[in-house]
Amino acid sequence: MRCTACGGILGVDCFNQNDCLQISHDLYINEFLQRDLADAENRIQFLEQFILDNNLEIPYPIIEPIDASEDWLPF
């Protein structure tokens, strides 16, 4: 019998089909996220170059930093 995830022979190439399915799923999600991240980085790089080429000014900081005294987290 063959593993539905990797195509290996169960008991020889693949010993736990459920684990293999989970690993295959995780690898697929990771690959998707890596492509999404690379796309976002390319867009950021394009925008940064566009800003530089057109001498645009972005007010800094766009998001105000949180003051340490305002930190309400318990840890």
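The values are calculated or read from the model by the stated rules, or taken from the named source; none is laboratory data. All values reported here derive from a predicted model rather than from experimental measurement.
Could you list, in sequence order, the residues of the range 31-62 that are at pLDDT 60 or above and either among the β-branched types (V, I, T) or at positive phi (or both)?
Within the range 31-62, I44, I51, N55, I58 qualify.
Could you tell me whether any residue of the range 2-21 is basic (K, R), modelled with pLDDT of 80 or more and more than 17 Å from the chain's Cα centre (by Cα)?
Yes: one or more hits.
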